[in-house]
1. Which of the GluC sites (Glu not before Pro) across region B:74-151 are loop residues per DSSP, with 16 or fewer other Cβ within 10 Å?
2. Using a Debye calculation, one point per C-alpha and no hydration shell, please list log10 I(q)/I(0) for region B:15-293 at q = 0.08 Å⁻¹ in order.
3. Among A:H363, A:L316, A:G329, which residue has its Cα furthest toward the positive end of the charge dipole of region A:298-382, with +1 on Lys/Arg Cβ and -1 on Asp/Glu Cβ?
4. Between B:D19 and B:D224, what is the FRET efficiency for a Förster distance of 22 Å, r being their Cβ-Cβ separation, to the nearest 0.05?
5. At 7 Å along the Cα-to-beta-carbon direction for both B:L163 and B:D312, put a label point, then send me their distance in nm to one decimal.
6. What does the convex hull of the Cα atoms come to per residue for region B:70-164, in Å³?
7. Between A:D258 and A:D354, what is 0.36 nm times their sequence separation minus the Cα-Cα distance? Round to one decimal in nm.
8. Please identify which residues in region A:169-196 have an amide N closer than 19 Å to a label point set 7 Å out from the Cα of A:E208, following the Cα→Cβ vector.
There are 2 protein chains.
Amino acid sequence: MAEGTIRWAGRGTEPDAVDRFYAVIPAGGIGSRLWPLSRADAPKFLHDLTGAGQTLLKQTWDRLAPIAGEQRVMVVTGRAHRAAVEAQLPELVDANIVLESEPKDSSAAIGLAAAILEHREPGVIIGSFAADHVIGDVRRFRSTVVEAIALADAGYIATIGILPTEPATGFGYIESGDALAVPGAPTALAVTRFVEKPDLDTARSYVERGGFFWNAGMFIARADLLLTEMAKSQPELVRGLRELAAAWDTPERGALVDRIWPRLTKIAIDYSVAEPAAAEGRLAVVEGDFAWDDVGDFASIAKLQSGGRGSDLAILGEHARVLADSATGIVVTDSDRLITLIGVENIVVVDTADALLVTTSEHAQRVKSVVDALKISGRTEVL
Amino acid sequence: MAEGTIRWAGRGTEPDAVDRFYAVIPAGGIGSRLWPLSRADAPKFLHDLTGAGQTLLKQTWDRLAPIAGEQRVMVVTGRAHRAAVEAQLPELVDANIVLESEPKDSSAAIGLAAAILEHREPGVIIGSFAADHVIGDVRRFRSTVVEAIALADAGYIATIGILPTEPATGFGYIESGDALAVPGAPTALAVTRFVEKPDLDTARSYVERGGFFWNAGMFIARADLLLTEMAKSQPELVRGLRELAAAWDTPERGALVDRIWPRLTKIAIDYSVAEPAAAEGRLAVVEGDFAWDDVGDFASIAKLQSGGRGSDLAILGEHARVLADSATGIVVTDSDRLITLIGVENIVVVDTADALLVTTSEHAQRVKSVVDALKISGRTEVL
């Protein structure tokens, strides 16, 4: 057992299940709605979006390393981010950084990690947690993960469903069914279906009826079962991943990556694994009773910062100098320029060396379309 | 007669009156409400606030030089601005740049110019026009100035009253009385009184009743009469100015400036000359039927830029790069940073190297109080 590993005695989890656990952190995705802070060369997970003094990636590591052990955390990221990731995570073992030559969506990223780890250590249980989410109560998060590990050990594809605090329309939902009698997983429920981001009325009905959770994209499963499930809908993809995994720790890796990786199907793991597994009754959910956010846009950062009050001015930036007179919303800056706000409500100001964004919380989602427009017009130097 | 001088033949003005005319441009005032664009070391008159490709000072020069002749334009400014003024106005004669060691308000600035010019050329008629105002129809402006020169030649302190286009509350008003029968000044009226910036109801009543003009702070008078009028209320001030003027073109100037200038009373010429002269019936107004603005804040710049429509996004900045989606208001930038605005109405964004301002047209007047707050808190490096 790795040093620094935490165990929850007396919670009914089989020790060997937690000992077989490996945390996987897919660190991809630029976070277009967080432009111009988040960029191709400085994606969302490399920013401190909570004012904690740490990047989201480092916070993710700090949540997971005590469960899995520092030797048992794998990061899957783009080649361009290798140096930044290593600088953030000095304890990350060399063999546990998996570099993608190009982004291939979550099935390939998590599937490759599963295949490599299963090849190295048959029977391994993996849990995949995005590098750029925010979680409030870390203790409760960890005990929930341990529940999910018990479920995974029992043969389920497990997910953690976040108890909704409002009828959010920015997240997908998980509908739960019957309780499952799995030792070590007292809150476990069968999953009936995954639902895409709903409209407001639908979201309200979910929250009122109960039994619906936010889909935080956290999946915990035995690596071999995850790959078997994925292979049912994406056999070619899994064949490629297994081929890569078998050669990963050999001199053949480079040549195989060049040949196989570019041809892999890009598909989200929700579609390749979660939805089909739910339909087969192989997906289970444990209840995540902690604050969670995917920090999708600046409005959500403002909300996180203000503790949901929405009446404050949140300020993010190590050297931020802000002078505000009747201003609410959020200022994000990576400079020490004096930023003065007068009489602006729910404003979003993002100040970077080469680009400035001014919008409002209400329109924060539209930032993505601006990034798209910049791409189309070829002004990629600021992306 | 100086080269390049324009004359309006057949308009009844005595040629000798226009030949005796000297234009004075007080170039002072930082324009606090235009911070952070306008600064102590880059005041309002050194900016292009109309997108004309020229500073306000240069535009003022270009309006006046054809009337007075390039040799007969005097600029009164702070010592710190000498180089910038000379760079802007290469035709400005050395003897015609008057440097203030510290700002002493308009009575001292215009009074010193009057005293120097009267000393050099007894009988001179001066016209004083702020360096940082905007005027629409330059031809009409010039013919109005020629009318005012005729009034000045007839012994009046003349002013140009701007025909109001709306019940503005940001300007002072001039109430006119009987028509005056002065050759060459067909629109001349007696001035009954000067009124401070009114509230909206009062401003509306002025515009409805007619006979009220905006006070644009333009004064045209024989220099000796202006000083005589000023001496009635400010005898010490005028004594000091005359003493300075007598020594101005001698080696004694420096010592006298050091001794006298710091002690001069700071008072606006409206109080020292215009109001008392109006009370005595010595003040006359000619009708300024042209667009005029003192560009007091960013809202007025936005309005000037949009032609009053208020539905557009005005962009000022030589290297401005702006991407706007449902945005109205104004962007002023001295950088080439990409500025993106999404879903913001009547927004004011002013982007400079060391300070950024975000406010709305509605609150543009409050910029001054922020500048005051910065002064009080000692953060003068950005002022």
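Coordinate-derived values only; no laboratory data. Since the model is a prediction, treat every value here as computed from it, not as a measurement. Methodologically, a virtual Cβ is constructed for each residue, glycine included, from the backbone with ideal geometry; neighbour enumeration extends over all protein chains shown.
1. Numbers: sites: B:E86, B:E91, B:E100, B:E118, B:E147; in loops: B:E91.
Filter output for region B:74-151: B:E91.
2. -0.30
3. Positive-end residue among those listed: A:H363.
4. The value I calculate is 0.85.
5. Each label point lies 7 Å from its Cα, and together they span 2.3 nm.
6. Details: hull volume 12.1 nm³, N = 95.
It is 128 Å³ per residue.
7. Values: separation 96, 0.36 × 96 = 34.56 nm, distance 3.46 nm.
Difference between extended and current length: 31.1 nm.
8. A:169-170, A:173-176
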